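Student: Before I ask anything, let me first share the structure, which is written out below as structure tokens.
The values are calculated or read from the model by the stated rules, or taken from the named source; none is laboratory data. Just so it is clear, the model here is predicted, and its values are computed rather than measured. Quick reminder, even Gly has a Cβ in these numbers, built from the backbone with ideal geometry, and neighbours come from all protein chains shown.
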Amino acid sequence: MGSSKLFVSIVTILFSFTSLFYAQSDSVGYKSQVQFHLVNGYSLSYLNSLSNSSALRYKLDFGFSVGKTNNDGSNSSSWGNSGSSSSSTATDDHNYQMLSLTVQYLSYPLNEKNIKIFIGAGPFISLDRTFSSGTSNQIWRDGQQTSNETVSLRYSLNIGIGGSTGVECLITKNISLIGEYGITAGYGWSEQKNTSKTNQSLSPQKSEYHYDISSNGWNLGLGNLRLGIAFRF
């Protein structure tokens, strides 16, 4: 629902800008575009036409998420005349950010007045960050309490080649709709740091655990169909 409202807002703004250009002659050659991808990913692109059959596109992809969850629970067990029970609470906070820059050379095998088919490829670099932290507390029937805290932080860097293929349909003089698929092939590095702490109310001892991970390797990915809108000027 949020993406739909954003899409409608941007379309309204772009149509307003378009009205400013209607007084121009139809013979004007449009050399540039601003593109927005709004479905199955968010991106902002600047496209510079080199000829009727080629262009350069500079694309900035971005993404983020944030969330928090709370859980309450209880458990009990029995064996013969003995048994135990406890109650627990837990919280989890997490957030994610991603930024990617791609420069692509686009070619147009089909370039008609109202429809274009394009293919393209070029280098990309991306950086993402993932953070999560959690706490849990468990209280037993005998009064013993155990608390745990965990923190995880991960960074990753990827470089490689990104390809695109898609179609552009003109809907007004200056505005068109875009649908495209993307594929990436690259090499990535990641660093992850994990920390865990445990405290027990009936014990003076506290435990703390650290675990760091470094990894690297090749990756190949095929993206979903992405939809967007382009404004020519």
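Student: Tyr187 passes all but one of (1) in contact (Cβ under 8 Å) with a residue 40 or more places away in the chain; (2) surrounded by 12 or more Cβ atoms within 10 Å (Cβ to Cβ); (3) out of contact with any Cys (no Cβ under 7 Å at 6 or more places or on another chain); which number fails?
Tutor: Every listed condition holds for Tyr187 apart from (1).
Student: A further question follows. For Asn174, state whether it is farther than 30 Å from Leu110 by Cβ, in contact (Cβ under 8 Å) with a residue 40 or more places away in the chain and surrounded by 15 or more Cβ atoms within 10 Å (Cβ to Cβ).
Tutor: no
Student: Among the residues of segment 166-201 satisfying the criterion of being among the hydroxyl-bearing types (Ser, Thr, Tyr) and in contact with a Phe, Trp or Tyr (Cβ under 9 Å, 6 or more places away or on another chain), which is modelled with the lowest pLDDT?
Tutor: Quick first cut of segment 166-201, residues among the hydroxyl-bearing types (Ser, Thr, Tyr) only: 172, 176, 181, 184, 187, 190, 195-196, 198, 201.
Add one more test, that the residue is in contact with a Phe, Trp or Tyr (Cβ under 9 Å, 6 or more places away or on another chain), and what stays is 172, 176, 184, 187, 190, 195-196, 198.
On the way: Thr172: 91, Ser176: 95, Thr184: 95, Tyr187: 97, Ser190: 97, Thr195: 93, Ser196: 92, Thr198: 87.
Going through the qualifying residues, I end up with Thr198.
Student: Answer yes or no as to whether Asn224 is at pLDDT below 95 and not hydrophobic (A, V, I, L, M, F, W, C).
Tutor: Values: at pLDDT below 95: yes; not hydrophobic (A, V, I, L, M, F, W, C): yes.
Spelling it out, Asn224 is indeed at pLDDT below 95 and not hydrophobic (A, V, I, L, M, F, W, C).
Student: A further question follows. Which pairs turn up if I take residues in segment 28-54 that are hydrophobic (A, V, I, L, M, F, W, C) and surrounded by 14 or more Cβ atoms within 10 Å (Cβ to Cβ) and look for partners that are assigned to a loop (DSSP other than H, G, I, E, B) and modelled with pLDDT under 95 with beta carbon separation below 9 Å, at least 6 apart in sequence or on another chain?
Tutor: Taking only residues 6 or more apart or on different chains, the pairs are Val34/Phe233; Val39/Asn224; Val39/Leu225.
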